Amino acid sequence: MQAPLSNSLPVSAIVIAAGLSRRMGVFKLTLPWAGSTVIASIVATLRTVPLREIVVVTGYRAADVGHALAGTAARCVHNPDYESGGMLSSIKAGLRALGNNDRAALLCLGDQPQMQPDTIQAVLSGGDRTGWQRIVLPSYRMRAGHPILIPVALWPQIMNTTETLRTVLRANADVVHYVTVDTPSILADLDTPDDYQRETGRPVHDD
């Protein structure tokens, strides 16, 4: 069992929700999920832990994402470069939106509603134990997944790189701390209609 978390963690979440959903064929972030939508379910899961803030980075169909999150705790930040800049530009937009009181950012994928509260708690507990100085990655059967905890000391490297987040993580492999979890949900996301139907038992339809 993980140690209990403080009620005032110096951590905010960044949810990347700017993509085009090309492989899904329809806009996946507003598809139904667990009585809500994919993106709103992610925010609801994040609300189960004491994060300082939840920032959702939008791009394609930003208004639809904002509508799906109306009344939730999330703050939407638009990335105008989502199409040309890819995921890295959205990560940078999220980091720019965070305040000076954060010591780390919890990076989450907007198409991973399978994310579980216990996984978030394990990653944050790993950050707490290491003084918010380490990259914390959840690992299932020796495979790393999401969400990823990124300490503030690495933010300048991410902001200055023209490559990818993976490049920055590899360059800082000496400060990576792995936490073992017992769920493959850290590796799962919703890329295709088959993924969605397998997880929900229903075919994809566009709203």
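Would you list GLU199, GLU163 from the most to the least accessible area, probe 1.4 Å?
On the way: GLU199 80, GLU163 110 Å².
Correct descending sequence by accessible area is GLU163, GLU199.
So what's the chain giving for Cα Rg divided by 2.2 N^0.38 Å, two decimals?
Computed over Cα atoms of the chain, the ratio equals 0.96.
For every helix of n ≥ 4 consecutive DSSP H residues, a contribution of -39,500 (n - 2.57) applies; sum these over the chain, divide by its total residues, and give [θ] at 222 nm rounded to the nearest 500 deg cm²/dmol.
On the way: 7 runs with 66 residues, N = 207.
One gets -9000 deg cm²/dmol as the mean residue ellipticity at 222 nm.
Under 5 Å between amide hydrogens, which residues at least 5 positions from ILE54 or on another chain qualify, with H placed 1.01 Å from N in the peptide plane?
ALA13, ARG75
Rg and Dmax in Å for the range 72-158, alpha carbons only: what are they?
Expressed in Å, the Cα Rg and Dmax of the range 72-158 come to 13.5, 38.
Distance from the Cα centre of the range 183-201 to that of the range 25-67, in angstrom?
Here the two parts' Cα centres lie 16 Å apart.
Going highest first, how would you order 94-102, 106-114 by mean Cβ packing within 10 Å?
Details: 94-102: 16.1, 106-114: 23.7.
Ranked by mean Cβ neighbours within 10 Å, highest first: 106-114, 94-102.
Would you mind putting 164-174, 117-127 in packing order, based on average other-beta-carbon counts within 10 Å, highest first?
Values: 164-174: 13.5, 117-127: 20.9.
Packing proxy ranking, top to bottom: 117-127, 164-174.
In nm, give the distance between the simple-model label positions of ARG198 and ARG47, each being 7 Å from the Cα along the Cα-to-Cβ direction.
Here the answer is 3.0 nm between the modelled labels.
Treat each spin label as a single point 7 Å out from the Cα along the C-beta direction, and report the ALA144 to ALA70 distance in nm.
About 4.0 nm, to one decimal.
Using only Cα atoms, tell me the angle between helix 82-97 and the longest principal axis of the chain; keep it within 0 to 90° and round to the nearest 10.
Approximately 50 degrees, to the nearest 10.
Could you work out what % of the accessible surface of the chain is carbon and sulfur, using a 1.4 angstrom probe and leaving DNA, RNA and ligands out of the count? Kindly include the intermediate steps, with their values, before the conclusion.
Details: 4760 of 9970 Å².
Carbon and sulfur: 48 percent of the exposed surface of the chain.
The values are calculated or read from the model by the stated rules, or taken from the named source; none is laboratory data. These figures come from a predicted structure and were not determined experimentally. Positions of Cβ are backbone-derived with ideal geometry, glycine not excepted, and every protein chain shown enters the neighbour counts. Protein only, heavy atoms only, side chains kept; ligands, DNA and RNA dropped before computing areas. Shrake-Rupley method; radii C 1.70, N 1.55, O 1.52, S 1.80 Å.
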